[in-house]
1. Could you tell me which of the pairs K59/K292; K489/K509; K11/K35; K489/K510 are separated by over 24 angstrom between their Cα atoms in the structure shown?
2. Taking θ as phi - 60°, what are the ³J(HN,Hα) couplings along the stretch 195-201 by the Karplus curve (6.51, -1.76, 1.60), each to the nearest whole Hz, with x for Gly and Pro?
3. If I model a spin label as a point 7 Å beyond the Cα along the Cα-Cβ vector, how far apart are those points for Q203 and K609 in nm?
4. If the chain between R668 and E540 were fully stretched, how many nm would it gain, using 0.36 nm times the residue separation less the Cα-Cα distance?
5. Got a sec to turn the phi values of the stretch 421-431 into Karplus ³J(HN,Hα) couplings, 6.51 cos²θ - 1.76 cosθ + 1.60 with θ = phi - 60°, whole Hz, x for Gly and Pro?
6. Post the alpha-carbon centroid distance, the stretch 196-234 to the stretch 310-325, in whole angstrom.
7. Too long at a 20 Å Cα-Cα cut-off: which of K640/K664; K423/K447; K447/K482; K24/K85; K101/K135?
8. Could you give the nm distance between label points at R290 and A647, where each point is 7 Å from its Cα heading toward the beta carbon?
Amino acid sequence: MRQTELVDRVKAYDPDADEDLLNKAYVYAMKAHGKQFRASGDPYFAHPLEVAAILTDLKLDVATIVTALLHDTIEDTLATYDDIKANFGDEIANLVDGVTKLSQLELFSERTKQAENFRKLMLAITSDIRVLLVKLADRLHNMRTLQFIPKPEKRRRIAEETRDIYAPLAGRIGMQNMREELEDLAFAELNPEERISIVTRLQRLEGASGDRIGRIADQIKRKLAEHGLDAWVYGRAKRPFSIWRKLQLKQLNFEALSDIFGFRVIVRTEDDCYRALGVLHQNWQMVPDRFKDFISTPKTNGYRSIHTTVIGPEKQRVEVQIRTQEMHEVAERGVAAHWRYREHVRSEGDENRAYEWLRDMVDLLERDTAEEFLENSRLSMYQDQVFCFTPKGDLISLPRGATPIDFAYALHTDIGNTTVGAKVNGVHVPLHTPLRNGDQVEIIRTKEQTPSPLWEQFVVTGRARAEIRRFLRHAQRDEHVKFGRNILKKVFEDEGAELTEKAITNVAKKLHQSKADDVYAEVGRGALRGHEVLEAVYPEFKKDPERRKQAAFAEPKGKKRPISIRGLTEGISYHLGQCCHPLPGDRIVGLLTPEGVVIHTIDCSELEKAQNTDDWLDVSWGMHAAEGGPSVARVLVRVKNATGSLAAVMSVIANNGGNIFNMKVTNRNPLYFEFTVDIEVRDLAHLQNILGALRVNTAVESVDRVREKDVSAVAG
Ligand code: MN
């Protein structure tokens, strides 16, 4: 693209744009990058220019376009912040500086640092959202040219970061096109075979039906016209990544995916949207539970549309989104569509809902540890929304899967902390019940109630989780002190040493604690090992080689480290339930049994049997649980009874890093045969990846994770 073309593109949507400034930035960046080249062999300047072009598609203001042109100058050329400031002023210098700092964050570094970096990222974004817009455009262009990067590890890291951080962020600010393209490019790098397989199956589906998409769109358009509605109707197949995501997360197989084809109906007014909906429902039977009205209750990112699914003209399910042109713009461009020229998005009282979640995050930033923060923001980024009402009719929007506890905390911390029960639409429900769209929720409270550790297992909002943890941190401390003292007593006794309050007080400093109680509490919560305290009190213990050997044995290092569970204190023995095969990533509960603690998944039927919830222990996977060595998952696979089916399954599992160590055929007939496979995986995400890869394979009819003890009972 040439200089004049860039200026023309901006002028087309902003006739008053400062042409001189654009030209100046163009020349400045071109000179600054001089003879640098990209991995593709193109002159480096082609990159900032493409980034600027992406942002003109989003019709962004001149300062943003200029920032795009200059975005790599501070990092990659001799230009400094002061140079940019002298030439382009404060506003642009700060934007460029913001983008530079974002680019320097390593979001895929070690866990703690990653959390801290993510926090910095959020702060940078909240100070001026344009920094994120430029960064997203930068990432999009880098992803489009990813194939030129020679090192596979580097390509992979960039693709993972894009999939896990930048694509969800783009979605959160309502830029669906950007999100979809980023996801799909990352998918092509990370799962090339699965992507090809999905694309092939989509092509086959479309081929088998002729131009079905075109025919259905025509029919819809004609019916609307008969009722005097002038509409623009078009259909498209879902992006491969979004199909992949569905296959991974839902217990669904390819054929069962009803909404591979989606249609958009774009009409003139909001009123027409409802009229069009009426026409669709009159002519084609609607599918229950698929109707959503995001016009009367928009999503938090500002998205508005009516969604419905009908049994379409060709007798199969068709998903339809109905919206006005304006809603369409917002749906495609998100934050960028709300842009008002020469105004800072930061301005308070902005009606723009796209920022509500940012405010929530800043709120969380102030009360969470960095790691909790990362967990919270990741979780809340992936969730869809449900809308519920208070008895007075106030609207509370929550992530999908939210429970009355989430609802209570969304109202107020005190309400959450004193919740004992809930009524949904007038009926008493258990507190873990997921809320549904339109539910009216009444929270029942008593002063005596305090948050239960178990709540953490089923809440989904970052806020509820943070508040529950905060409360428990205080409440648990007393318990930890007591528990820690008992552990130390035992450790000291075993070594024939005496535990005195004074001795512990004396070594508190050395152990980075301020008083004896803190030492007990640390031991009680498992953060400090009893032997460390013993060694602090009796340093000679350390010098004894025999004992050192024992100590080393007590804490194995390296890969063989046992899977770590948070919430269990040192010395408690535990094992993973053979009934449900929990994987790092599953939500888990510990069950106290005479043989020790057994870890179950939250939905395991064994938990239902243990009615006495006093025996339930609040546990979660440790930070490094997935690195503790493989876990075993059992999967029930049904394949076509054809040559090569079994081999195909085995190679899909192996290609995705799963280690098969057991297999049992459970059912065999002329059409298909069915077997269970025990696979060693790192964690839940790893298993989901394998399940997804199996589901896209044409030999496979169905794949399900098995949680029961007796597999033949399931198959039969
Ligand atoms: Mn760049």
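1. Table pairs above 24 Å Cα-Cα are K59/K292; K11/K35.
2. For the stretch 195-201, the Karplus-derived couplings read 5, 4, 4, 5, 4, 4, 5 Hz, x marking Gly and Pro.
3. Here the answer is 5.1 nm between the modelled labels.
4. Full-extension gain reported as 39.5 nm.
5. So the J values, rounded to whole Hz, are x, 8, 10, 10, 6, x, 10, 4, 9, x, 5.
6. Between the Cα centre of the stretch 196-234 and that of the stretch 310-325, the gap is 9 Å.
7. Details: K640/K664 16 Å; K423/K447 18 Å; K447/K482 26 Å; K24/K85 13 Å; K101/K135 10 Å.
From the list (K640/K664; K423/K447; K447/K482; K24/K85; K101/K135), the Cα-Cα distance tops 20 Å for K447/K482.
8. Each label point lies 7 Å from its Cα, and together they span 3.9 nm.
The values are calculated or read from the model by the stated rules, or taken from the named source; none is laboratory data. Model, not experiment: these values are computed from the prediction. Cβ coordinates were reconstructed from backbone atoms using ideal geometry, including for glycine residues, and neighbour counts include every protein chain displayed. With ligands, DNA and RNA removed, areas are computed over all heavy atoms of the protein, side chains included. Shrake-Rupley method; radii C 1.70, N 1.55, O 1.52, S 1.80 Å.
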